[in-house]
Amino acid sequence: MEVVILPDERQIAEVGADGIHALLARKPAAVLGLATGSSPLGLYEELVRRHAAGQVTFAAAQAFTLDEYVGLPADHPAAYRNVIRRELTDRVDIADGAVHGPDGMAEDLAAAGADYERRIAEAGGVDLQILGIGTDGHLAFNEPGSSLASRTRLKTLTDQTRADNARFFDGDESAVPRHCLTQGLGTILEARHLVLIATGRGKAEAVHQMVEGAISAMWPATILQLHPHVTVLLDPAAASRLQLAEYYRTTWAHKPSWQGI
Ligand code: GLP
């Protein structure tokens, strides 16, 4: 796991965008895994900026979102499929039909989960998956206690996650759906490169557990320790509980210039 501690969100956005930029340059038809939430917003802004400047094209790319609320109508502004359109995909040249998400309105949710797995596999798997992390260490919507081998399925959100996400529902926690369809931890682990972004002191304990704690379903993000290519982009506040912070800083400072993330 490569842990990169950067001074601010601006530099996190640049390093993350460099990774996606390099991927699209060598593989224009790359499959991107997109996360919702506030953590990747700076990265998405930077990608939009580079696209507007003619530096990067997504025309041949495909994208898969991590998760979706159950029961939100297709036109609901908080549905992740619409969130990702507003934040990124409608602002670059990726085809709308090339952006996929789990169907949270499906009558048969188990079948919708299996169908999503099939669609990801048919696309050849995810090349680069962007991730955030919940304050309780959840990845996508894999709450504590999730199977470390899980696939796309129905999950019940914790009260904490519903409270955290009420800001996307005009502050009304009761409007936040109780269920979601989410890629499983086993699904996420199959992406070829994972890029996780975390900022702010509220994430410091979850980041410490993820990087330096024992692998456990209590902290679902610890499963990333089993992946061969993970890049963790942090601001100093999110890195503030890391025991080996100085080592991570030294490693980044001496990274060979030819080696991207
Ligand atoms: C949500 C999403 C996750 C996201 C997490 C953190 O519950 N399902 O994919 O990583 O919250 O969100 P934020 O980046 O806003 O802190």
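The values are calculated or read from the model by the stated rules, or taken from the named source; none is laboratory data. These numbers were taken from a predicted model, which means no experiment stands behind them. Cβ coordinates were reconstructed from backbone atoms using ideal geometry, including for glycine residues, and neighbour counts include every protein chain displayed. Please note that ligands, DNA and RNA were not included when accessible areas were found on the heavy atoms of the full protein model with its side chains. Shrake-Rupley method; radii C 1.70, N 1.55, O 1.52, S 1.80 Å.
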For TYR80 the rounded accessible area (nearest 10 Å², probe 1.4 Å, non-protein molecules ignored) is 20 Å²
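Quote the FRET efficiency, to the nearest 0.05, computed for GLN259 versus LYS27 with a Förster distance R0 of 30 Å and r equal to the Cβ-Cβ distance. Mind dumping the intermediate values first?
Values: r = 18 Å, r/R0 = 0.60.
Using R0 = 30 Å, I get an efficiency of 0.95.
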Order the following by accessible area, largest value first: MET1, MET218, MET210. Probe radius 1.4 Å; ligands, DNA and RNA are ignored. MET218, MET1, MET210
Note to self: C-alpha centroids of the stretch 108-149 and the stretch 41-89 sit apart, in Å, by 17 Å
Using the Karplus curve 6.51 cos²θ - 1.76 cosθ + 1.60 with θ = phi - 60°, what ³J(HN,Hα) values do you get for each residue of the stretch 145-159, in whole Hz, with x for Gly and Pro? x, 5, 4, 6, 10, 5, 10, 4, 6, 6, 10, 9, 6, 6, 4
The percentage of the accessible area of the chain (probe 1.4 Å, all protein chains present) made up of carbon and sulfur atoms, to the nearest whole number, is 53 percent
Using 7 Å Cα-to-Cβ label points, what is the ALA106/TRP252 separation (nm, one decimal)? 3.8 nm
What trypsin sites (Lys or Arg not before Pro) does the stretch 169-261 have in DSSP loop regions with at most 14 other beta carbons within 10 Å? ARG178
Below 8 Å between Cα atoms, with a sequence gap of 6+, how large is the relative contact order for the stretch 2-254 in percent? 24 percent
Fluctuation leader among ALA237, ALA63, ALA175 - the chain, Gaussian network, Cα springs under 10 angstrom: ALA175
Report the accessible area of THR135, computed with a 1.4 Å probe over the heavy atoms of all protein chains in place, in Å² rounded to the nearest 10. 60 Å²
Helix-derived mean residue ellipticity, 222 nm - over the chain, DSSP H n ≥ 4, -39500 (n - 2.57), to 500: -9500 deg cm²/dmol
Please figure out what share of the DSSP beta bridges in the chain is antiparallel and state it in percent, rounded to the nearest 5. 30 percent
Gaussian network model of the chain, springs between alpha carbon atoms under 10 Å - residue of GLY33, GLY202, GLY54 with greatest fluctuation: GLY54
For the stretch 161-261, dividing by residue count, accessible area per residue (probe 1.4 Å) in Å² works out to 47 Å²
Could you give log10 I(q)/I(0) at q = 0.09, 0.15 Å⁻¹ for the chain, computed by the Debye formula over C-alpha point scatterers of equal weight, without solvent? -0.37, -1.10
Kindly write out, for the stretch 38-50 in residue order, the coupling ³J(HN,Hα) from the Karplus curve 6.51 cos²θ - 1.76 cosθ + 1.60 (θ = phi - 60°), rounded to whole Hz, with x marking Gly and Pro. 7, 4, x, 4, x, 4, 5, 4, 5, 5, 4, 4, 5
